Structure formats: C-alpha cells, structure tokens
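To start, the structure itself, in structure tokens.
The values are calculated or read from the model by the stated rules, or taken from the named source; none is laboratory data. Keep in mind the model is a prediction, meaning the values are calculated, not measured. Cβ: placed from backbone, ideal geometry, glycine included. Neighbour counts: every protein chain shown.
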Amino acid sequence: MPLSRIRLSDVTAAAAGQRGAHGAVAVDRAVADFRRGEPVVIRDGERAVLALAVEALTEERLARFVRLAGSSPSLAMTGRRAALLGLGEDRAGVVRVALAGTAAAQDLRDMADPLARPETAPTVVAVTPARPQDGDSAAVALAKIARLLPAAVTAAAGFVAHDRALEEWARRESLLVIEAAAVVAYPVESARRLARVGEARVPLAGAENTRIIAYRPADGGLEHLAIVIGTPDPATPVLARIHSECFTGDLLASLRCDCGDQLRGAIREIADAGAGVLLYLAQEGRGIGLVNKLRAYQLQDRGFDTVDANLQLGFDADERIYVPAAEMLRLLGFARVRLMTNNPLKVEALAHCGVEVVERVPHVFPSNDHNAEYLRTKAVRSGHLF
C-alpha cells in the first residue's frame, strides 16, 4: 500500500515492540548515523544486517564496513532503480544486488545516482527481492527518511538477530542497533505522536487574523504547521488546504512549479471565505527532500518529466504521506473539510485517515513558460484535475 494511503492506525503489528518514543528515537539516531556515513545494525527478527548509506560511501568507510561485516557487501536499492540499470524487471519494493567481490565506493555511488557518468560497473552476481520488512528493505527506508538517495550497502552481521553477542559486538564497535519494523513504521508512527509545541498570532498580508500553530512528533522530529485563518467553526466543514513545503516555490517564487501560487492563493481564498486552515507539511519535493528535488530538476533538464525524474532517482512518483495533516486536523477539532486541491489522491488519503472530505474545491492557477509541461505531466500521469 502506498504511504499516502496509510490509515492513522495502520502501524504494523511487527513494530509493536518498538512503538512509541523508544523506537522513534532509535530511528532518529540511525538517520543521523546514516547521514554521517556511519553504519548501523538492523535486526529483522531473523537476521542482523549491517547497513551503510551509499550516498555517504568513501573508500575508507567501505573498507571499515567490509572489516566489520567480514564479507563483501551487497547493494540494497529499489526494484525500480535496479530495473533502470538493466538488473531485472521493474518491481515494487527493494531488491538485494549481490556483487562479485568488493566494488569501489565510487562505482557503488554511481549505481545509485542517475546523474553520475560511470566509467566502470561492478559485476552483478544475482538480484533477489527483499522482504517488505527485512533488513535490506529497512536500510533503503532509512535512507529515504534521511533524505538520501534510496540505496545502501548491506551485509549479514554474522550473528543471530537477538544473540547477546550481537549487542556486545555492536557496543565494542560503537554501532547503533535498531529494529527493521521500527524503521518501516516510523513515518506513520511519528505522525501519530504529534503534539502542539508552539503558537503565535502572525498577521499575514490579506489575512491579518491568522495564527500559526507548530506541531512536533514526541521524538523531536520535523515540525508541521497549521496556519489558522479567522475562527473556523469545528461544527461545520472547514475550508482547508494541505500544502507540502517548497523552498524554491514558496520562498523564492520559482517558476518551475505552481507551489508559490497555490500557497499564497490558498491564504487569500481562505481569508476571503472568512475562516479556514492551511496545513503546511514538512515534506519538501513530494517527500524526497530539497537536495533530491534539485537532483530531479537536473534530470528534468535532461528530458525526463517530473514523474520519471523521481523514478530515476529510485523514489516513487510521490513519497508524501498525509497522516500528519489528518492528525493536525484531529488536534484542532476538525472532522470534516472542504479540501482545496487538484489532487484526488489527497481526498482519498484523508478519507483513509478518518477525515471526511465533503467537497473538493478546485485550486487552479495559470501556467507559465517554465511550468506548463510540469502541470501537464501532473494532469496526464498523476491524475490532477485542472
């Protein structure tokens, strides 16, 4: 099931032992290690897998990884990215790419990066699908949470998953041990634990009676914002807009997308209606992060459309989830909304999260010479209604 359709209650039973702050904090620490180029140990109930983000690979880090694992690593990546490399059929989920010997760090990075111009390619021995919640799938999920390219080098750690010797070895080597189920559950579980952490009156141009309320997961993750205009009545369907942050469009007024127009237009329309709420989600670039969005722009400049650019990078066309929006609405006391959107998936996603969408309010703005093809792709390939 795509993340965007996950219900608020759909946290896997396998994560039960890792739910709450403990599991989320462990994942946050693992994210920090991944971004620094440190390996982590991921237990999936059967295996203990050593994993390291491909984007952070250097020859020195790879050599340490091989020493720790005692064997040459495999490459965990999305099935879609592997297919684009000619490594089997296009399939959902993650695959494990077994390589002959230990490849150079640069060669492994090139396999994960569609912008690279590789001079050599490692010899591939086998490509096998990973299970949805095993260590390889969790390693790729962790790279996505870290906003890195979705690929990791992995190797069996040489211990039974819950062997005491594994814990002792990890402590000696200063390695963090986390559960695969906690990584997979993290996006939904983190949103489920949102709490109000700050609020202020912030008069806006054309909407002076505005409050901004900040919500943060209990584990200290990224904040999402509710921009409340006027005094909306919880007893009636609230006029609402779900807006994913867009640094380039919202702040810099980029012409490559329509995000800035949609943000300012929504504020204006809600103010004209008298009251409503704009939910500002920390999900840059359809959930892939700003750096990966810039990479996607480079691919678009090479001829790929906005959907295919994400797929080339190894992401889904849209990695966003709407559980944080549903949770903020619940905390604000709104159960029914009139949703300002051109994206039917948002309507479906909110319904899956228990929010009734009584009306879809069109939210369309003129195109320009720089975003006309982008908008056309959203209509033709993503089903947006213009």
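A few remarks follow.
- Counting the residues of region 229-250 that are part of a helix (DSSP H, G or I) and crowded, with 18+ Cβ neighbours inside 10 Å gives 3.
- Annotation: GLY314 fulfils all but one of (1) more than 26 Å from SER190 (Cα to Cα); (2) outside the structural domain of PHE247 (by TED's automatic domain parsing); the unmet one is (1).
- Look at region 353-369: where a residue is surrounded by 15 or more Cβ atoms within 10 Å (Cβ to Cβ) and a partner is in a loop (DSSP other than H, G, I, E, B) and not hydroxyl-bearing (Ser, Thr, Tyr), sitting 6+ places away or on another chain with Cβ atoms under 7 Å, you get CYS353/ARG7; CYS353/LEU8; VAL355/ALA335; HIS363/ASN342; PHE365/ASP258.
- Residue count for region 183-200 under the criterion of being β-branched (Val, Ile, Thr) and at pLDDT below 95: the result is 2.
- Within region 115-138, residues that are within 24 Å of GLY303 (Cα to Cα) reach partners that are of a type in the set (Lys, Arg) with beta carbons closer than 7 Å, at six or more positions or on different chains, in the pairs LEU115/ARG295; ALA116/ARG109.
- Output for region 49-61, where each listed residue is surrounded by fewer than 24 Cβ atoms within 10 Å (Cβ to Cβ) and touching a strand residue (DSSP E or B) at 6+ places or on another chain (Cβ under 9 Å): GLU55, ARG61
- The residue of region 289-326 that is surrounded by the most Cβ atoms within 10 Å (Cβ to Cβ), among those that are among the aromatic types (Phe, Trp, Tyr) and closer than 23 Å to ALA349 by Cα, is TYR322.
- Looking across region 158-212, the residues that are among the basic types (Lys, Arg) and under 30 Å from GLU319 (Cβ atoms) come down to ARG192, ARG193, ARG196, ARG211.
- Region 256-274, residues that are aliphatic (A, V, I, L, M) and either closer than 19 Å to HIS384 by Cα or crowded, with 17+ Cβ neighbours inside 10 Å (or both): LEU263, ALA266, ILE267, ILE270, ALA271
- In region 297-318, of all residues being in contact (Cβ under 8 Å) with a residue 40 or more places away in the chain and of a type in the set (Phe, Trp, Tyr), the one that is nearest to GLN283 (Cα to Cα) corresponds to PHE315.
- Residues considered: ARG35, ARG80, ARG64. Of these, the only one that is modelled with pLDDT under 95 and over 13 Å from ALA138 (Cα atoms) is ARG80.
- Number of positions in region 146-176 that are over 30 Å from GLY285 (Cα atoms) and assigned to a strand (DSSP E or B): 6
- Test: residue in region 201-221 that is of a type outside the set (Gly, Ala, Ser), assigned to a loop (DSSP other than H, G, I, E, B), assigned by TED's automatic domain parsing to the domain that holds ALA275 and modelled with pLDDT under 95: yes
- Region 31-48 - residue that is among the β-branched types (Val, Ile, Thr) and assigned to a strand (DSSP E or B) and, of those, surrounded by the most Cβ atoms within 10 Å (Cβ to Cβ): ILE42
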